[in-house]
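> The following block contains the structure, expressed as structure tokens.
The values are calculated or read from the model by the stated rules, or taken from the named source; none is laboratory data. Since the model is a prediction, treat every value here as computed from it, not as a measurement. Heads up, the Cβs are rebuilt from the backbone with ideal geometry, glycines too, and the neighbour counts pull from every protein chain shown.
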Amino acid sequence: MRRDEFFKPLEYVSILTMLAVKAFVVIVFVFTVLALGLKHLNRTPVYSSSIMYPPNTTAKLPDVSLGLAIMPTPTPIPTMMPTFTFTPTLLPTNTTEPTGTPTATNEPTATVAATETSQPTSTSMVLISPTLNPTATSYPTLTPTPLGVATQSTSALTSLVASPLQGVGSSDLALVISQPFILPPTGEDSGHHGVDFAYWNFKDVGAIEGTPVLSIFPGKVSSAYSKIRNPYGYMVIVETPLSNLPKEIIDAIKLPEASSTPANPSNRLTCPTGFADWWDPNTLSLYVLYGHLGEVPTVKLSQTIKMGDMVGVVGNTGASSSPHLHLEMRIGPANATFASMGHYDTTTTDQERHNYCMWRISGQFEMFDPMVLYGASSN
């Protein structure tokens, strides 16, 4: 036998064997795929939704005997069922609509009509201004009374009225009067329109010259000039509205009765005219004049000062023969300003003479004895 004839049949056998093996592998693969597919048919379907439904049948499929063991898989149906109950819990959250209604009840609280009741409170503030007029004009105690009448006790007033002299108490002022108040006839520039204080050696304060002069009341400076003018010399006037004074002070002010004695023609003044006065005739103020100061005043025109503030020092300027303090008080229209005043001097201006006449003899600024505010009289 030839070699070719011997190997030829072996080639055919080997090809058939390979084909048989491949066919067997294919058959095994097919059966394996079928077995796996049948096994998954028994499992519960899984959905992406949170709601799970059970399969239509729970019967067990027959096993495929391919030598493979089918692992039992627990069905997650019992554990998935509680997730189905989550949807009912959404309903209570919808109850936010009732909770929204209480917010709607905020509308009554938003009724700021209650705040509109503040309008009556604002109108009550307007009522303050009318009440000022009666207090500024209705002063029954400012009616003319005889001189020397003092209805207030010294102890009741000394705590309300400061002394104009540093180191001299209010109750001691009557002890250092050098010239009392003397009411002149109406329209006459005579008499003594204030009260003078002087001493050479009083208690332990020494001489009066150079003694600080203090403001009796708080107020606004109505006059303070840096030049000497007769008769007051260096002088300061301080205005205090009557509405700012205690009732005890108002009650103590006694305007003297007008003199019925005819004015002496020689004591009449030639008063320049043609000057406008811008004070308020509907409101009254108390004016205090401090005269014959020894130096230029320490305060300025229109400056606001407090009770006890220093306005200057006692001196001997103007129509004065010895160091003393001349103290003058008058009731007159509010907001009067006397930048400067003077008379009996060729150096004074018409404006200064006009101011002097208005202050001294016009009758618009009514004088009274300053000592009535200290529970006494200088007469």
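> Can you tell me which of (1) surrounded by 19 or more Cβ atoms within 10 Å (Cβ to Cβ); (2) in contact with a Leu (Cβ under 7 Å, 6 or more places away or on another chain); (3) under 16 Å from P184 (Cβ atoms) is the one N379 doesn't meet?
In the conditions (1) surrounded by 19 or more Cβ atoms within 10 Å (Cβ to Cβ); (2) in contact with a Leu (Cβ under 7 Å, 6 or more places away or on another chain); (3) under 16 Å from P184 (Cβ atoms), N379 misses (1) alone.
Every residue, every condition in (1) among the aliphatic types (A, V, I, L, M); (2) under 24 Å from G308 (Cα atoms), yes or no:
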residue	(1), (2)
Q179	no, yes
G191	no, no
G194	no, yes
V205	yes, yes
G219	no, yes
S223	no, yes
T261	no, no
P265	no, no
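> Considering only segment 188-200, I want to know if a residue exists there that is assigned to a loop (DSSP other than H, G, I, E, B), in contact with a helix residue (DSSP H, G or I) (Cβ under 6 Å, 6 or more places away or on another chain), among the polar types (S, T, N, Q) and at pLDDT 95 or above.
Checking segment 188-200: not a single residue is assigned to a loop (DSSP other than H, G, I, E, B), in contact with a helix residue (DSSP H, G or I) (Cβ under 6 Å, 6 or more places away or on another chain), among the polar types (S, T, N, Q) and at pLDDT 95 or above.
Let's see how each residue does on (1) under 26 Å from C357 (Cα atoms); (2) more than 44 Å from the chain's Cα centre (by Cα); (3) not assigned by TED's automatic domain parsing to the domain that holds D369:
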residue: T186; (1), (2), (3): yes, yes, no
residue: D189; (1), (2), (3): yes, yes, no
residue: A207; (1), (2), (3): no, yes, no
residue: V213; (1), (2), (3): yes, no, no
residue: I216; (1), (2), (3): yes, no, no
residue: M235; (1), (2), (3): yes, no, no
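> Residues that are in the same structural domain as P164 (by TED's automatic domain parsing) and surrounded by fewer than 15 Cβ atoms within 10 Å (Cβ to Cβ), at least 1 per element: which strands (runs of 3 or more DSSP E) completely within segment 263-365 meet that?
Output list reads 280-293, 310-313.
> Moving on to the next point. On the basis of being closer than 18 Å to V236 by Cα and of a type in the set (S, T, Y), does T273 make the cut?
When the stated conditions are applied, T273 does not pass them.
> Of all the residues that make up segment 216-247, how many are surrounded by fewer than 18 Cβ atoms within 10 Å (Cβ to Cβ) and small (G, A, S)?
Residues that pass the stated criteria total 2.
> Given the structure, is P256 touching a Pro at 6+ places or on another chain (Cβ under 7 Å) and crowded, with 17+ Cβ neighbours inside 10 Å?
Criteria met by P256.
> On the given criteria, is T304 of a type in the set (V, I, T) and in contact with a Lys or Arg (Cβ under 7 Å, 6 or more places away or on another chain)?
yes
> Pairs under 6 Å by beta carbon, first residue closer than 15 Å to N201 by Cα and in the same structural domain as I216 (by TED's automatic domain parsing) in segment 163-178, partner part of a strand (DSSP E or B) and polar (S, T, N, Q), six or more apart or different chains?
So the pair list comes out empty.
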